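Let me begin by presenting the structure, written as structure tokens, before commenting on it.
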Amino acid sequence: MEVVRSVAEMRKRAAELREAGSVVALVPTMGALHEGHLSLVRIARELADTVVVSIFVNPAQFGPSEDLERYPRDLDRDAALAAEAGGDLVFAPAIGEIYSARYDTVVHVQRLTRRLCGAFRPGHFDGVCTVVAKLLNIVRPSLAVFGQKDAQQAAVIERMVADLDMDVEIVRGPTVREPDGLAMSSRNVYLSIEERADAAVLHEALELGRSLHATGEKDAAKVVGSMRELIEAKETTEIQYLVAVDAATLEDVSELADGTLLATAVHVGATRLIDNVVLDGAGETTVHG
Ligand code: AMP
């Protein structure tokens, strides 16, 4: 696997590929790759000639009390996994390559970042948008693949790309889950045995919401209330948010409908996990294992 560490080299390799007529896809990640990330690499593999996987633990998207320091890092392992899944090139820049000493610019999507994760992680989406804009400018891919697991992130990136006339197609890949339904996440390794067992309740609650809607229940407050009870019954969980929103605008809905996004962030012990389902988003969930 070719691992590129500098922005200049990445630009050069990407320009060569484009000149040779290769359709390039980018899969941005923070590393600690798991089946969720690899599913995105496989989607990119299907859609493009060359797949670039970026691995960059972006300090700008971590809050001061978040897990930047202890975020899992293993570039050799990640490069091997990315290659196995069909990646052609890993772009793993050092922090100084991305943020120079005089770095001074932020990309801010306004309304879509106010709620859900944005309300609890001030500056997080500025960090995400800024780094994704930079990665897109460096690699200039025809398409970039993001996971539905981070539904707000995908919506915010789609908005940024449309608003700033960026010439790239954004593709969403379905959420990949453990056999018990827990969405795969690099942060799952932080969970104790008890917390890991309790963490499956996020998916159970979302599936409860889905099935209540499927049986005709439309009252969002009622459905969210039932989901809340299920999550709160676990010893180690504390809900940060649990909402029924329009999947495009992320505004609250009082009536559930096809296309409604049920989304949650829950602390399980000290670990913050997020998950979501789109009502009637048939086939959006991939269970692995
Ligand atoms: P991260 O490394 O957490 O920044 O994630 C990189 C990309 O992988 C993002 O587009 C995430 O939405 C996506 N991703 C993370 N976990 C999953 C998952 N379980 N299923 C699908 N995509 C995922």
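Return yes or no: is G181 more than 15 Å from D150 (Cα to Cα), open to solvent by less than 30 Å² (accessible area, probe 1.4 Å) and of a type in the set (G, A, S)? Yes: the conditions hold for G181. Looking only at the range 145-160, residues that are more than 9 Å from the ligand (Cβ to nearest atom) and either over 24 Å from R272 (Cβ atoms) or open to solvent by 40 Å² or more (accessible area, probe 1.4 Å) (or both) come to 2 in all. Checked against the criterion of being part of a loop (DSSP other than H, G, I, E, B) and closer than 18 Å to V3 by Cα, the candidates L33, L38 yield just one match: L33.
Every listed requirement among (1) away from the ligand (no atom under 16 Å from the Cβ); (2) within 18 Å of the chain's Cα centre (by Cα) is met by D163 save one, (2). In the range 183-195, the residue that is nearest to E229 (Cα to Cα) out of those that are part of a helix (DSSP H, G or I) and hydrophobic (A, V, I, L, M, F, W, C) is I193. Of the residues V53, V57, which is under 20 Å from V168 (Cα atoms) and near the ligand (Cβ under 10 Å from one of its atoms)? Going through V53, V57 in turn, the sole match is V53. Do we find that R45 is open to solvent by 30 Å² or more (accessible area, probe 1.4 Å), farther than 26 Å from L191 by Cβ, within 16 Å of the ligand (Cβ to nearest atom) and not in a loop (DSSP other than H, G, I, E, B) in this structure? Taking the combined requirement at face value, the residue satisfies it. In the range 182-197, the residues that are of a type in the set (A, V, I, L, M) reach residues that are open to solvent by 50 Å² or more (accessible area, probe 1.4 Å) with C-beta atoms within less than 7 angstrom, at least six apart or across chains, in these pairs: M184/E178. Where strands (runs of 3 or more DSSP E) sit wholly within the range 196-289, those with at least 1 residues that are in contact with a His (Cβ under 8 Å, 6 or more places away or on another chain) occupy 237-246, 260-268, 271-278.
The values are calculated or read from the model by the stated rules, or taken from the named source; none is laboratory data. Treat the numbers as computed from the prediction; the structure is a model and nothing was measured. Glycine gets a Cβ as well: all are built from the backbone with ideal geometry, and neighbour counts include every protein chain shown. In case anyone asks, the SASA skips ligands and DNA or RNA and just uses the protein heavy atoms, side chains included. Shrake-Rupley method; radii C 1.70, N 1.55, O 1.52, S 1.80 Å.
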